[in-house]
Amino acid sequence: MLLLLLGIIVLHVTVLVLLFVSTIVSQWLVNDGHTADLWQNCTSGNVFHCLTSSTNEWLQSVQAMMILSIIFSVLSLFLFFCQLFTLTKGGRFYITGIFQILAGLCVMSGAAIFTVRHPDWHPEGSSYGFAYILAWLAFPLALASGVVYVILRKRE
Amino acid sequence: MSPFSPGCPAPPGPLRPGCPAPIGPRPGRRRHHSALLALKPQPPSRRHPSAHRRAPRSRPVTGATMSQGAGGSSSLLLLLAGLLSALGPSPATSIHVYTQREVHGTVGSHVTLSCSFWSSEWISEDISITWHFQAEGSRDSISIFHYAKGQPYIDEVGNFKERMEWVGNPRRKDGSIVIHNLDYTDNGTFTCDVKNPPDIVGKSSQVTLYVFEKVPTRYGVVLGSIIGGALLLVAVVVALVYLLRYCWLRRQVALQRRLR
């Protein structure tokens, strides 16, 4: 029983960490010596300097989706602990699961918009960096975590 | 070391003959202003100046040492006054001109280039306000507006013919102009220069005009609206769900009470 609880919390925290890393790290698109991300474009090489990314509306919507997913995941963790102590026996963690599923959907839509629209603000010919892959990885994990919360029943 | 004479310890140190006494009232002691009272019979807490080997808490005050300490403090005050008077005059008598840094305008509309200034002198009749324009990519700065002796002179032969309007008021420290019917050739830097004799030293200020097809929305509007809208939606839905559940539960309870 305790093992199950620990496993669920570890899964949730993993999703949270993936979301944070993929939102913050500057590695969504990679060229040689050139990395681009949601917030800034950095060039390494002789001189390392970073400029803010363009103010394209689609890029702003991707940023908004990633931020929303983080907000929903954090809220879901907080609500899980609330519900753990206040739910009646046999009850289900609906709200926690719904928020986690919402976070997963937000990550998916953000990554999808980025995939389709990134030629708008970045020239062709770059490969995807690891932060982009982490974002796509966070999506099924978040969905799975949310579904587990919805199925789970509280026992004591 | 004491600043007053060499060889003397800094107060509060042990007292030596010929060294000034520490300045200022000691806490808890009454102060005798006249040092000449040293010749009078002292109360038991006061010591004679020759008893310098006593504990440092005693305070022998002689006329010579007191005036030496006072002279030292007055020389310090004179030095400070001299420094302040040297620093004083320079920033106050220059003229300061303020404009915006960047102005955005759309093609065909009008834009106000505001210029305000601050002068330490009274606004005289000899005040002159000048506007120069340097087109983007060009190295020449042409003069497009001049105000002197109470008369504005706007451009009647150049690029801004019949497009410029003087809306400033030197009495109110405002030297703004309005450019109508913007075009892409108006992209560039405008410089506002104000001279108010005798206050003529100062920097002029520059404003860069950007002409767009349509004004771009500021960064963060889309971001903020998406996040705010989504959170609001979720909050409203959750509140509705809880309200419905609460009403439904209350109805269940009422039904059960009626069935009993």
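Is it the case, given these coordinates, that A:Leu51 is within 18 Å of A:Met108 (Cβ to Cβ), within 14 Å of chain B (Cβ to nearest Cβ) and either crowded, with 18+ Cβ neighbours inside 10 Å or not hydroxyl-bearing (Ser, Thr, Tyr) (or both)? Walk me through it before giving the result.
On the way: within 18 Å of A:Met108 (Cβ to Cβ): no; within 14 Å of chain B (Cβ to nearest Cβ): yes; either crowded, with 18+ Cβ neighbours inside 10 Å or not hydroxyl-bearing (Ser, Thr, Tyr) (or both): yes.
Against the criterion (within 18 Å of A:Met108 (Cβ to Cβ), within 14 Å of chain B (Cβ to nearest Cβ) and either crowded, with 18+ Cβ neighbours inside 10 Å or not hydroxyl-bearing (Ser, Thr, Tyr) (or both)), A:Leu51 does not qualify.
Given the criteria crowded, with 19+ Cβ neighbours inside 10 Å, farther than 15 Å from B:Gly228 by Cα and at pLDDT 90 or above, does A:Ile67 qualify?
Working: crowded, with 19+ Cβ neighbours inside 10 Å: yes; farther than 15 Å from B:Gly228 by Cα: no; at pLDDT 90 or above: yes.
When the stated conditions are applied, A:Ile67 does not pass them.
Could we say that A:Val30 is in contact (Cβ under 8 Å) with a residue 40 or more places away in the chain and of a type in the set (A, V, I, L, M) here?
Yes, satisfied.
Quick one: which residue in A:Asp37, A:Asp32 is modelled with pLDDT under 95 and either touching an Asp or Glu at 6+ places or on another chain (Cβ under 9 Å) or surrounded by fewer than 19 Cβ atoms within 10 Å (Cβ to Cβ) (or both)? Talk me through it step by step, then tell me what you get.
Working: A:Asp37 fails: either touching an Asp or Glu at 6+ places or on another chain (Cβ under 9 Å) or surrounded by fewer than 19 Cβ atoms within 10 Å (Cβ to Cβ) (or both).
Sole residue among the options that is modelled with pLDDT under 95 and either touching an Asp or Glu at 6+ places or on another chain (Cβ under 9 Å) or surrounded by fewer than 19 Cβ atoms within 10 Å (Cβ to Cβ) (or both): A:Asp32.
Would you confirm whether any residue within region B:240-247 is loosely packed, with under 14 Cβ neighbours inside 10 Å, within 14 Å of chain A (Cβ to nearest Cβ), farther than 19 Å from B:His110 by Cα and of a type in the set (Phe, Trp, Tyr)?
yes
Within region B:139-155, is there a residue that is small (Gly, Ala, Ser), farther than 29 Å from B:Glu213 by Cβ and crowded, with 18+ Cβ neighbours inside 10 Å?
No, region B:139-155 contains no residue that is small (Gly, Ala, Ser), farther than 29 Å from B:Glu213 by Cβ and crowded, with 18+ Cβ neighbours inside 10 Å.
Which of the residues that make up region B:91-119 are outside any strand (DSSP E or B) and surrounded by fewer than 13 Cβ atoms within 10 Å (Cβ to Cβ)?
B:Pro91, B:Ala92, B:Arg101, B:Gly108, B:Ser109 - these are the residues of region B:91-119 that are outside any strand (DSSP E or B) and surrounded by fewer than 13 Cβ atoms within 10 Å (Cβ to Cβ).
Look through region A:73-100, keep the residues that are within 10 Å of chain B (Cβ to nearest Cβ) and in contact with a Gly (Cβ under 9 Å, 6 or more places away or on another chain), and return whichever of them is surrounded by the fewest Cβ atoms within 10 Å (Cβ to Cβ).
Once the filter is applied, the top-ranked residue is A:Ile98.
Quick one: count up the residues across region B:178-193 that are part of a helix (DSSP H, G or I) and either more than 13 Å from B:Ser138 (Cα to Cα) or among the polar types (S, T, N, Q) (or both).
Here the count works out to 2.
Keeping to region A:137-153, report how many residues are hydrophobic (A, V, I, L, M, F, W, C) and in contact with a strand residue (DSSP E or B) (Cβ under 9 Å, 6 or more places away or on another chain).
Summing the residues that are hydrophobic (A, V, I, L, M, F, W, C) and in contact with a strand residue (DSSP E or B) (Cβ under 9 Å, 6 or more places away or on another chain) in region A:137-153 gives 3.
Might you check whether a residue that is at pLDDT 85 or above, surrounded by 13 or more Cβ atoms within 10 Å (Cβ to Cβ) and not in a loop (DSSP other than H, G, I, E, B) occurs anywhere in region B:121-128?
Checking region B:121-128: at least one residue is at pLDDT 85 or above, surrounded by 13 or more Cβ atoms within 10 Å (Cβ to Cβ) and not in a loop (DSSP other than H, G, I, E, B).
Restricting to region B:134-152, and then to whatever is of a type outside the set (Gly, Ala, Ser) and not in a loop (DSSP other than H, G, I, E, B), can you tell me which residue is farthest from B:Asp186 (Cα to Cα)? Full working, then the answer.
Within region B:134-152, the subset of a type outside the set (Gly, Ala, Ser) is B:134, B:136, B:139-140, B:142, B:144-147, B:149, B:151-152.
Filter again for not in a loop (DSSP other than H, G, I, E, B), leaving B:134, B:142, B:144-147, B:151-152.
Values: B:Gln134: 9, B:Ile142: 13, B:Ile144: 12, B:Phe145: 15, B:His146: 19, B:Tyr147: 21, B:Gln151: 25, B:Pro152: 21 Å.
Among them, the one singled out is B:Gln151.
Among B:Asn159, B:Asn196, which is within 19 Å of B:Ser109 (Cβ to Cβ) and touching a Ser or Thr at 6+ places or on another chain (Cβ under 8 Å)?
Selected residue: B:Asn159, the only one of B:Asn159, B:Asn196 that is within 19 Å of B:Ser109 (Cβ to Cβ) and touching a Ser or Thr at 6+ places or on another chain (Cβ under 8 Å).
Please enumerate the residues belonging to region B:204-228 that are part of a helix (DSSP H, G or I) and more than 9 Å from chain A (Cβ to nearest Cβ).
Within region B:204-228, just B:Gly228 meets the criteria.
Matching residues to (1) surrounded by 13 or more Cβ atoms within 10 Å (Cβ to Cβ); (2) at pLDDT 90 or above; (3) not β-branched (Val, Ile, Thr):
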position: B:Asn159; (1), (2), (3): yes, no, yes
position: B:Pro170; (1), (2), (3): yes, no, yes
position: B:Ile177; (1), (2), (3): yes, yes, no
position: B:Asp193; (1), (2), (3): yes, yes, yes
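The values are calculated or read from the model by the stated rules, or taken from the named source; none is laboratory data. Since this is a predicted model, take the numbers as computed values, not measurements. Note that we place each Cβ from the backbone using ideal geometry, even for glycine, and neighbour counts take in every protein chain shown.
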